[in-house]
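Quick notes on the structure that follows.
The values are calculated or read from the model by the stated rules, or taken from the named source; none is laboratory data. Fair warning: this is a prediction, and the values are worked out from it, not measured in the lab. Here the Cβ positions follow ideal geometry from the backbone for every residue, glycine too, while neighbour counts run over all protein chains shown. Keep in mind that these areas ignore ligands, DNA and RNA; they rest on the heavy atoms of the full protein, side chains included. Shrake-Rupley method; radii C 1.70, N 1.55, O 1.52, S 1.80 Å.
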Amino acid sequence: MRVESSQLKAFLLDADLANEKQMEKAEKEAKKTGEKLGNILIKQKVIDEEQLIKLQAYILGIPFVDLEKEIIPKEVLRIIPEPIARKHNIIAFRKQGKELEVAMLDPEDLQTIEFIKKKADLKVLPRLTNQASVKNALKQYQKSLEAEFGDLIKEEAKVVLLPEGGEAETKKDLEKAASEMPIIKIVDTLLKHAILQLASDIHIEPLEKEVVVRYRIDGILHDAMTLPKNIHSGVIARIKVLSNLKLDEHRLPQDGRFKIETGDYKISFRVSVLPVYDGEKIVMRLLPEDAKGLTLESLGLRGLAIERIHQNIKKPNGMILVTGPTGCGKTTTLYTMMDILNTPEVNISTIEDPIEYRMPRINQTQVKPQIGLTFANGLRSLVRQDPDIIMVGEIRDNETASLAVNAALTGHLVLSTLHTNSAAGSFPRLIDMKVEPFLIASTTNVVMAQRLVRRLCPEIKKKYKLNSAEIKSLKEQFDLDRILQTLKEEKIIDSKSDWPNIDFYRPGKSQECPDGYKGRLGIYEILEVSESIKDLIVKETASDMIEAQAKKQGMLTMLEDGFIKAVQGITSIEEVLRVTKE
């Protein structure tokens, strides 16, 4: 089962997927490097990987299968052991009688097919597939282990030996408990399970007679499993060992971090230990270190909002503020902006608490209040480091606010976050921090408020139309006329459409999306500081009047932006109302 270069060339030229000049260039490169012609054509962006695989499948007369959204039965998947599937990119996906269909990337890998034939004693029918399909299937190996992990925890918990009463107290006891193989397996299981489920946080919460483990997935906490109380000390000790924290300190909060790296992921865990009534509670924030390539579009910004952000981050000085509650993605937005600005011509320095993502060519400093390195002190030193762009993790006190404004005045572009509910609310907040209104007006370029909404699973979302009672209820919360006008201007809906005939969507249910949602994106309001808004800031005008003026200048509120995304079928109205209720 081999596709000759001459065959591939003839088919590509015949299908108008490549021209003679491109083929000649690729053939020269293949001769020089010894690489396959198909791989060279992908590298030179003449064709993409899927086109090549489909063409190979056509030439060889082998069916092409797409397993990207396929749930493979556990007993079929496991016919090929995971290490072999992973190493050779080959997946068992369907079995009928004595016939086994396998999907693979390399049609020339006859040796692996022969091995599977002998091991499984089945007739193997090869099929070609793409990289995304293999990745989806490999994830399912691990997902199918989740049920077994629950049993493992129950079994291993029985053999954990701790002092009478189930709580280890001395440092020696704790070190012994942390190094027990069952405890190590249990903690590894909890972490791996959370990574597979794309959780953002892990909560380990001691109760009177048991320990509850919860995962935050797409912003919502879900019970993951319940552990016996007698292993609580061991689990806490193991996490403290990983995070390099004091084992025998039970009375004071502690913070630490550790990292897990495999071929598939690289994740940093930020650990917070807090004493509670029934023991110590741990919350771990999962921060993917290999999360690259984020763009403002992928975060959920659109149209005029993106234009305004791009215009303002290109300014040489001034202040860009991102506002919203904890966990609404403010830091990710700032990192995305820094990624756009990160060129060899500029010096970017940050002061953060904590450093969430490591970024090459950016000078990142971690706040350490216990030794006097606060946001304010760190910012004072940063200004002396000849920066062009400064990122301050959070403006949380008068001193930091004053220094940030002064840095923006003296020729630096300052990016930072504030805890306020709306974009307009950031100005009274800064005035409350004793910053002079005229300084706020002259330094602030743009303020961005955001929340995160869950995305509807596209395959299972259910279409519906609003009835008159629902339209009436929504009119009390939204300016529906304004939103309708925006939808028509942006050609999201037809110019003759009205609310009774516009489609909306509700979540469906499936094994992959139990609650009908998967992943999140932002809803935003972008307040650009114009001359008229500067006048209102200097007069210390209330935030609702500033917001009204911004809306006259074309600003969409978060509610309105969310409503537009609901019309587009990206999220649901219920989800938008859930995250914007104040």
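Where the accessible area of the chain is counted over protein heavy atoms with a 1.4 Å probe, how much of it, in %, is carbon and sulfur? It is 50 percent, rounded to a whole number.
Size of the range 296-580: Rg and Dmax of its alpha carbons, in Å, are 20.2, 64. Based on DSSP H segments of at least four residues, each scored -39500 (n - 2.57), the chain has a per-residue ellipticity at 222 nm of -12000 deg cm²/dmol.
Excluding ligands, DNA and RNA, the accessible surface per residue across the range 5-60 is 66 Å² with a 1.4 Å probe. In order along the range 433-448, the Karplus-derived 3J(HN,Hα) couplings, from 6.51 cos²θ - 1.76 cosθ + 1.60 at θ = phi - 60°, round to 8, 6, 8, 5, x, 5, 6, 4, 4, 7, 9, 6, 8, 8, 10, 10 Hz, and Gly and Pro are given as x. Once all protein chains are placed together, S5 keeps about 60 Å² accessible to a 1.4 angstrom probe. In the full protein context, the range 74-141 carries 50 Å² of accessible surface per residue, based on a 1.4 Å probe and ignoring ligands, DNA and RNA. The charge dipole of the range 296-580, taken about the Cα centre with unit charges on the Cβ atoms of Lys, Arg (+1) and Asp, Glu (-1), comes to about 620 debye, rounded to the nearest 20. In plain terms, the C-alpha convex hull of the range 325-479 casts an average shadow of 13.2 nm² when viewed from every direction. Cysteines of the chain lacking any other cysteine Cβ under 4.7 Å from their own Cβ: C328. Classified by the C-alpha gyration tensor, the chain has an oblate form. Its axis ratio a/c, with a ≥ b ≥ c, is 1.5 or above, and a/b does not exceed b/c. Backbone geometry of the range 319-327 corresponds, through the Karplus equation with coefficients 6.51, -1.76 and 1.60 at θ = phi - 60°, to 3J(HN,Hα) couplings of 10, 10, 10, 10, 10, x, x, 4, x Hz, x marking Gly and Pro. Residue-normalised convex hull volume from the C-alpha trace of the range 74-141: 73 Å³ per residue. Placing +1 on the Cβ of every Lys and Arg and -1 on the Cβ of every Asp and Glu, with no other charges, gives the range 5-60 a dipole of roughly 260 debye about its Cα centre.
What the range 296-580 shows is 45 Å² of accessible area per residue, with the surface traced by a 1.4 Å probe over protein heavy atoms. How much of the calculated P(r) for the range 5-60 lies past 18 Å, in percent of all Cα pairs? Pairs farther apart than 18 Å: 20 percent.
If you take all other residues with their beta carbon under 10 Å from the beta carbon of M558, and give Lys and Arg +1 and Asp and Glu -1, the sum is -2. Across the range 498-570, the fraction of Cα-Cα pairs farther apart than 18 Å, rounded to a whole number, is 57%.
List every residue whose amide H lies under 5 Å from the amide H of L125, counting only residues 5 or more places away in sequence or on a different chain, with H placed 1.01 Å from N in the peptide plane. The list, which skips near neighbours in sequence, is L100, E101, V102.
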